[in-house]
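First the structure, in the form of structure tokens, and then the observations on it.
The values are calculated or read from the model by the stated rules, or taken from the named source; none is laboratory data. Predicted model only: the values in this text are computed from it and were never measured. Every residue, glycine among them, receives a Cβ derived from its backbone with ideal geometry; neighbour counts consider all protein chains shown.
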Amino acid sequence: MKSLFSLLFSLFLISVHAQTIYSKAYGNPTDPPVIFIHGGPSGNATLFEGTTAQKLADKGFYVIVYDRRGEGRSKDENATMTFKESFEDLKGIYTTYHIKKANILAHSFGGIIGTLFAAQFPEKVQSLTLAGALFTQQETYDHILQNAKEHFKNDPSQLKEISEIENLDKNSAAYRKRCYEMAGKLGFFDMPTPTPESEMLRKEYAAGEFYKNNIRNPSSPLKFYQNEPLNNLDNTAVLKDIRKKGIPIFALYGKNDGIFSEKQLNDLKNTVGKKNFRIIDNCSHYLFVDQQNEFLQFIQLKLK
């Protein structure tokens with residue numbers, strides 16, 4: 001009787017998880033699995049799903065996308081927005097799609113989650129790919145603000161704003177938000193010279209159903225920085241530990257992704273190994289749209 005209750009309770013938890021977490025798979029389940037982890041907090045997987053998921057699956061991968069609990073299409077007012085919760089959701093994806101080991105493809109803030117997950121559950125990770133992913137957070141914020149000071153050196157109002165940001169609690173959602181807003185003013189997320197291909201991808205995305213589901217939950221960052229004690233992480237040592245465990249790490253970044261300094265990217269290249277590291281020209285933060293063909297070629301070459 002007790003074992004029957006345990007089974008029913010487990011099935012209930014799986015059912016609740018399935019209702020809470022949006023996910024979708026592309027490709028053949030017999031192909032190597034790739035799980036995409038989107039950015040945030042308050043992000044979602046719609047841009048990757050609407051532009052790239054099927055094309056990556058066509059390269060011979062079983063591609064799974066999902067929105068984390070409380071973000072995007074995974075609406076949940078009770079979400080705590082912690083790393084522990086993110087790990088549980090990710091493990092739930094493995095269960096839902098009957099996967100024992102997967103290649104993790106992590107973008108932006110998803111890189112923090114993917115890195116910590118790989119370190120804690122190495123038996124579940126075939127490889128870790130950082131695509132425009134965060135790894136030394138405070139260095140990124142410092143880099144943004146330093147560039148802003150130089151760019152706006154003759155603009156008193158902007159210099160005042162930069163000073164206000166620097167005086168905020170560096171572990172707060174407000175600090176992170178305003179740093180990235182400043183990066184936006186500097187054009188750090190913009191592709192220098194959009195190609196016809198990248199313009200078409202964005203146009204098709206904007207006109208389709210995925211863009212309509214580009215849901216942003218403004219309370220997600222607030223909850224994360226309120227409930228998660230680990231902030232502004234430097235994951236250099238964690239990445240080195242992952243490599244020691246035998247998990248290959250690949251890193252793909254846009255040359256024009258202004259939120260990373262040259263020093264940061266050189267340090268990362270030394271951490272993951274030169275042959276596992278790639279910089280793409282005329283490319284910013286959203287590599288899979290800015291330079292989709294090169295993005296897909298890199299993933300196919302490394303993961304196959």
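Region 40-99 holds helices (runs of 4 or more DSSP H) entirely within its bounds, and those carrying 1 or more residues that are closer than 19 Å to Q226 by Cβ and among the acidic types (D, E) map to 83-96. When the residues of region 7-38 are filtered to those that are small (G, A, S) and modelled with pLDDT under 50, the one that is nearest to G60 (Cα to Cα) is A18.
Looking across region 254-287, just one residue is within 19 Å of S127 (Cβ to Cβ) and in a loop (DSSP other than H, G, I, E, B), and that is G273.
Residues being in contact with a Lys or Arg (Cβ under 9 Å, 6 or more places away or on another chain), at pLDDT below 95, farther than 11 Å from F135 by Cβ and surrounded by fewer than 23 Cβ atoms within 10 Å (Cβ to Cβ) are represented in region 231-253 by at least one member. Scanning region 101-133 for residues that are out of contact with any strand residue (DSSP E or B) (no Cβ under 9 Å at 6 or more places or on another chain) and without any contact (Cβ under 8 Å) to a residue 60 or more places away in the chain yields Q120, F121, E123. Scanning region 124-138 for residues that are farther than 17 Å from A174 by Cα and either touching an Asp or Glu at 6+ places or on another chain (Cβ under 7 Å) or not in a loop (DSSP other than H, G, I, E, B) (or both) yields K124, V125, Q126, S127, L128, T129, L130, A131, G132, T136. Give the residue that is modelled with the lowest pLDDT, with candidates limited to residues of region 143-181 that are aliphatic (A, V, I, L, M) and under 20 Å from the mean Cα position of the chain (by Cα). Among those that are aliphatic (A, V, I, L, M) and under 20 Å from the mean Cα position of the chain (by Cα), it is A173. Reported count of residues in region 157-179, each being of a type in the set (D, E) and surrounded by 19 or more Cβ atoms within 10 Å (Cβ to Cβ), is 0. Residue count for region 45-75 under the criterion of being at positive phi and under 16 Å from the mean Cα position of the chain (by Cα): the result is 2.
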